[in-house]
Structure formats: C-alpha cells, structure tokens
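J.: Here's a structure for you.
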Amino acid sequence: MRYTQGGGLTEERRSFREKLRMEAAERFRQGDENPVIAHDLRVSVRSVQRWRRAWSQNGPRALASKGPASLPLLSDELFAVLERELAKGPVAHGWPDQTWTLSRIKTLIGRRFHKSYTVQGVAALLKRHGWSCQVPARRAIERDETAVAGWVKETWPSVEGPWRRSTPGSSSRTRPDSR
C-alpha cells in the first residue's frame, strides 16, 4: 500500500489537494513562477512543474481529481461471502488444522473470487473490515509443563549453540593469532 493509514487518501484529503492544484492553476494564469507558487502552497517545486505541464496541455480540468487511485478488489458484498467462507473454517477448505493464516486467506480469496492479493493486502482488507489477529488469552489446558521444562533443558541448548567460541579469539583483523 502506498499510504500508511490504510491504502490511499480520504475524500477530504483528495478535495483538499484538488483545491491546491486549482489554486496553482489560477497562479499559472497570473504568470507566477514555479518556486513562488510552491513556496506559497507549501508543496514541492517538482509537483508545481508537473501541474503546470498538465495545465498547459489541457487547462484546469487536467488538475481535477480523478477519484481514488484504485477501487478495492473485494466489494462489501464479496467480503460478506468471504466472511461466510472463513466461518466454515480452514478444514472445510482443505487445510489440515483449524488455523487461519493470512497466506491461507489469500489463497482462499484467489480460489473463490479469482482475485490476487498480497499477504499485506489481505491484512489491510481484514483490518479495514474490523478483523484483528487473535492471540490466546491464556495457556492451553493441554500444556504439559514437565515436557516443556525437559525440552528447555535438553533440546534447546543444542539448538541454540554455544555462547562462546571454543578457541580464543582475537581483536585484530590483520593478525588473528596476536593477543
């Protein structure tokens, strides 16, 4: 996504930016220079140059807002269908366990709606519709504390590896054996 707040500008921000471009068009008509316009409108000179080029080719209508950059791939109706599919659970869709992941939801969207999302796009889509990640509030009842303690003592040290080297090291890059 391009903007950090969820994928684009609000209608309010689009109209604000369009007003800036129209004000710049009026200043172009008056003959003002690009750096002066940029300074007064608090935008980059490069943006003013781009606007002037569009204005000189097609007039002020070239600076009008063209609406949102892209429409959502899944409409609200299709998202309601997706929610019903998610409610069926991952096993109903061929996965071995009852865990929904973003990549699984991405695959489901591709299979069901023939739409392509990225994993980040799926996360934004779900967040936009009020979904959130779920983290267990408490530990599982089935948890075996003795098995966990044994794994931490026996298995984890071999996986983690030693903290120190088995041979003395050196601080010199050019003479590694010097001390």
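The values are calculated or read from the model by the stated rules, or taken from the named source; none is laboratory data. All values derive from a computational prediction rather than experimental measurement. Glycine gets a Cβ as well: all are built from the backbone with ideal geometry, and neighbour counts include every protein chain shown. Quick note on the areas: whole protein, heavy atoms, side chains included, nothing else; ligands and nucleic acids left out. Shrake-Rupley method; radii C 1.70, N 1.55, O 1.52, S 1.80 Å.
J.: May I ask you to give the solvent-accessible area per residue for the range 72-146, in square angstrom, as obtained with a 1.4 angstrom probe?
T.: The answer is 73 Å² per residue.
J.: Still on this model: Please turn the phi angles of the range 112-117 into ³J(HN,Hα) values with the Karplus equation 6.51 cos²θ - 1.76 cosθ + 1.60 (θ = phi - 60°), one per residue in order, whole Hz, x for glycine and proline.
T.: Rounded to whole hertz, the list is 7, 10, 6, 10, 10, 10.
J.: Given that compact globular proteins tend to follow 2.2 N^0.38 Å, what is the ratio of the alpha-carbon Rg of the range 69-127 to that value?
T.: Normalised Rg, Cα atoms only: 1.08.
J.: What is the ratio of the Cα radius of gyration of the range 20-61 to 2.2 N^0.38 Å, where N is its residue count, to two decimals?
T.: For the range 20-61, the normalised Cα radius of gyration is 0.97.
J.: Which value in nm describes the separation of the simple spin-label points at Val43 and Arg143, placed 7 Å from the Cα toward the beta carbon?
T.: 5.5
J.: So for each of 14-21, 57-64 I average, over its residues, the number of other beta carbons within 10 Å; can you give me the resulting order with the highest mean first?
T.: Output ranking for 14-21, 57-64: 14-21, 57-64.
J.: Could you tell me what % of all Cα pairs in the range 31-106 have separations over 21 Å?
T.: Every Cα pair in the range 31-106 considered, those over 21 Å come to 57 percent.
J.: Tell me which lysines have Cα within less than 30 Å of Lys66's Cα, excluding those fewer than 8 residues away on the same chain?
T.: Lys19, Lys106, Lys115, Lys127
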